[in-house]
1. Could you point to the residue in Pro177, Tyr80, Ile61 farthest towards the positive end of the chain's charge dipole, with +1 and -1 charges on the Cβ of Lys/Arg and Asp/Glu respectively?
2. Which translational diffusion coefficient, to the nearest whole µm²/s, is obtained for segment 123-172 from the Stokes-Einstein equation, given a Kirkwood hydrodynamic radius over C-alpha pairs, 10 °C and 1.306 mPa s?
3. Which ordering of Thr155, Thr73 is given by a fewest-first count of other beta-carbon atoms within 10 Å?
4. Give me the extension gain from His166 to Leu201: residue separation times 0.36 nm, minus the current Cα-Cα distance, reported in nm with one decimal.
5. Separation between the Tyr208 and Asp193 pseudo-spin-labels, each 7 Å from Cα along Cα→Cβ, expressed in nm?
6. Hey, got the Cα dimensions of segment 167-215 along the principal axes, in Å, largest first?
7. Can you check what the Kirkwood hydrodynamic radius comes to for segment 76-218, Cα pairs only, in Å to one decimal?
8. Whole-Hz ³J(HN,Hα) for each residue in segment 125-133, computed from phi via Karplus 6.51 cos²θ - 1.76 cosθ + 1.60 with θ = phi - 60°, x for glycine and proline: what do you get?
Amino acid sequence: MEFKPIRNNDVDSWKEVNLIYNSALKEITTKLEILNDEFQHIHRYNPIEHIKSRLKSPESIVKKLKKHGRESTIENMVEYINDIAGVRIICSFTSDIYRIAEMLRNQNDIKVLSIKDYIKTPKPSGYKSYHMIVSIPIFLSDRVADTKVEIQIRTVAMDFWASLEHKINYKFEGNAPDSIKRELVECSKMVSDLDERMLSLNEEVTKYKEKELEAKEA
Ligand code: 0O2
């Protein structure tokens, strides 16, 4: 059942929302750590560089509801804001991104609600990342609350670009000069190029290692 706050005043409802979304962050983070450990055990390699998680601030939630023309109520935030709980997964290579997304999709208790692939189709700003909105059950003493989490998966290089672009946008309050916007798009192309070259390099190194192993076993 989709999570709905059941406490009878705003303060208690807000605390309940925090508890549920925090639990969802813990569930997803633990799942990812287990998948990463298992991957390391089987393939001697970690697809995940690091994981960041956060709860959206009340100010950002109110701002987003306003943007969508919705009243600031707890019911509306639970229904219309998909990224109250957000997890960001940073990987070395683009291939890792799709591998992790697939591993998450294969988990029986995770329901994928939507996917936005800004790697195949980057935003006009140059933003590249793979986004999934998933729902995960949180087991409480008296009910199960299906809770939404936004998962962003990207490479170290894409993350570097996104964090600088975010800072620039913040500084110019979303109205950066055209020359800076153009430069960001150019940098985003360089990020794609770098990611492709690093992936090829890694594939080449892997082939060398496999040949070395075959030679040792022969
Ligand atoms: P914050 O402060 O990071 O939380 P939706 O969430 O579905 O209502 P939208 O914009 O359709 O809204 O979702 P989308 O495109 O999946 O983007 C969600 C999040 O991706 C944003 O959250 C940002 O974190 C990130 N993002 C999207 N576009 C850009 C971009 O051009 N540059 C950077 N740096 N990040 C981006 P919020 O809520 O906007 O912000």
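1. Looking along the dipole axis, the top candidate is Pro177.
2. Roughly 119 µm²/s, to the nearest whole number.
3. On the way: Thr155 27, Thr73 12.
In order of increasing Cβ crowding within 10 Å: Thr73, Thr155.
4. So the extension gain works out to 9.6 nm.
5. Calculated label separation equals 2.4 nm.
6. 58, 16, 7
7. Computed over Cα pairs of segment 76-218, the Kirkwood hydrodynamic radius comes out at 17.7 Å.
8. Using θ = phi - 60°, the values come out as 5, x, 4, 10, 5, 10, 10, 10, 9 Hz.
Coordinate-derived values only; no laboratory data. Small disclaimer: the values here were computed from a predicted structure and weren't measured. All Cβ positions, glycine included, derive from the backbone under ideal geometry; neighbour counts span all protein chains shown.
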